[in-house]
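First comes the structure, then the notes that go with it.
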Amino acid sequence: MEGRLLATTGHVKALVQSHSSGDEARFRAVVHELAEQAARNGRRRDAEEVRGALAERPPREERRASTRSAPPEPPPAPAPVVQPRGELGRVLTVSRPEEQLADLALSSDVMARLHRVLTEQRHADALRARGFEPLRTLLLTGPPGTGKSMTARVVATELGLPVFTVRLDAVAELPADEAATALTLVFDLLAQARAVCLFDDLDALLDADGGERGGGERGGGRLREVLRRFTALLDADASRGVVVVTTNRPELLERPVLRRFDTVLDYPLPSTGVVQEVVLRRLRGFDLGGVEWPRVASTASGLSHEQVAAAAALAAKQSVLDGAAQVETAALLAALRERRQVLRMAP
Ligand SMILES: Nc1ncnc2c1ncn2[C@@H]1O[C@H](COP(=O)(O)OP(=O)(O)OP(=O)(O)O)[C@@H](O)[C@H]1O
Ligand SMILES: [Mg+2]
């Protein structure tokens with residue numbers, strides 16, 4: 001990963017603990033150590049960025065003053081964006097995404113439900129004061145390329161939080177006890193510092209033996225054990241983080257797993273109107289005045305948001321290379337057909 005720092009799990013824990021307990025001196029000492037380590041390893045830019053981030057941090061008194069009117073138990077601060085190493089680093093990536101809600105093209109009902117999650121999260125204190133928990137654990141289902149992972153990043157941007165992306169395919173490769181330890185560490189981190197935690201592609205815990213229920217020789221029991229552990233941790237999680245789990249195959253999930261989630265959002269392939277929105281969002285700043293949208297939408301039928309966005313980029317690049325002011329319908333149609341052809345080649 002670009003800009004990867006040589007932080008160990010110990011560093012991450014020390015940062016999170018010192019941050020949560022308000023031990024400013026320790027927090028700064030760990031950050032300085034990280035910066036120095038980066039400098040020693042020839043990563044001067046990383047070192048400067050780390051020191052710069054510390055300099056931007058307002059003094060402790062100022063931060064206290066800004067939270068003076070906060071409720072007695074302020075939520076944990078957003079997690080620092082430091083990439084863990086060691087056992088955690090193999091399965092967890094920490095990032096600060098930039099995608100915004102305006103970049104997402106979704107059907108109106110999925111968008112409305114996403115708004116609901118964001119609103120509840122933004123007013124979490126008011127809800128908790130009256131004994132309610134905001135919507136916090138989301139299961140996103142749907143075909144590939146429809147914006148499930150992107151949604152987790154958008155939620156993080158909108159709430160000003162970093163994203164912990166947990167690669168469940170990497171977790172599935174570990175022996176059951178190591179997988180359980182890795183998952184426990186992730187939930188420990190989430191309890192200590194606020195973040196959006198994306199458990200990407202739950203299918204990885206279901207697929208290896210043809211499904212959770214399949215049993216079988218090839219590690220089916222082991223994966224089932226990991227899934228059980230994950231479900232138990234999800235159940236016990238009382239953090240202030242947002243948990244997003246994605247899957248292409250919700251039909252493999254049994255009711256006890258499904259009912260753990262506060263809400264389930266199903267992402268369909270884009271409808272006619274959404275196809276237009278995907279193109280408009282991907283090609284902001286281009287002249288699309290002459291585009292015949294009905295033809296574009298019917299040619300895009302059956303393609304995912306991702307494929308439509310890729311086709312839009314292909315067509316726009318052509319117009320840049322041709323020095324043309326407009327993106328033409330014909331170029332969009334050709335690019336969509338090309339994307340479809342590429343997909344047909346897949347096994
Ligand atoms: N709803 C959407 N609106 C705008 N762009 C989208 C949308 N969905 C996908 N894209 C584009 O496609 C890329 C891939 O989408 P994403 O990774 O979110 O798909 P996914 O649903 O998680 O797929 P998978 O099931 O394969 O993991 C995004 O980074 C974005 O560029
Ligand atoms: Mg995804």
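Nothing in this text is a laboratory measurement; each read-out follows from the coordinates by a stated rule. Keep in mind it's a predicted model, so treat the numbers as computed, not measured. Positions of Cβ are backbone-derived with ideal geometry, glycine not excepted, and every protein chain shown enters the neighbour counts.
In table form, for the structure just shown:
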{"read-out": "Proximal charge balance of Arg136 [Cβ under 10 Å; K/R count +1, D/E count -1]", "value": "-3"}
{"read-out": "Nitroxide proxy distance, nm - points 7 Å out along Cα→Cβ at His123 and Arg344", "value": "5.1"}
{"read-out": "Trypsin sites (Lys or Arg not before Pro) within the range 121-167: DSSP coil, no more than 12 neighbouring Cβ in 10 Å", "value": "Arg130"}
{"read-out": "Cα-projected label distance for Arg90 with Asp287, points at 7 Å along beta-carbon direction, nm", "value": "5.6"}
{"read-out": "Calculated from backbone phi, Karplus (6.51, -1.76, 1.60) coupling profile of the range 113-130 in Hz, x at Gly/Pro", "value": "6, 5, 4, 4, 4, 5, 5, 5, 5, 5, 10, 4, 5, 4, 5, 5, 4, 9"}
{"read-out": "Point-to-point label distance, Asp262-Leu101, nm (Cα→Cβ direction, 7 Å offset)", "value": "1.5"}
{"read-out": "Computed over the range 92-266: relative contact order in percent, which uses C-alpha pairs under 8 Å that are six or more apart", "value": "32"}
{"read-out": "In the range 223-277, the trypsin sites (Lys or Arg not before Pro) that fall in loop regions by DSSP, at most 14 other Cβ within 10 Å", "value": "Arg259"}
{"read-out": "5 angstrom amide H check on Val244, placed H, neighbours 5+ away", "value": "Leu138, Cys197, Leu198, Phe199"}
{"read-out": "Long-range amide H partners of Arg194 with built H, under 5 Å", "value": "Ala77, Ala79"}
{"read-out": "In order through the range 131-144: 3J(HN,Hα) via Karplus (6.51 cos²θ - 1.76 cosθ + 1.60), integer Hz, x for Gly, Pro", "value": "x, 10, 9, x, 4, 9, 10, 10, 10, 10, 10, x, x, x"}
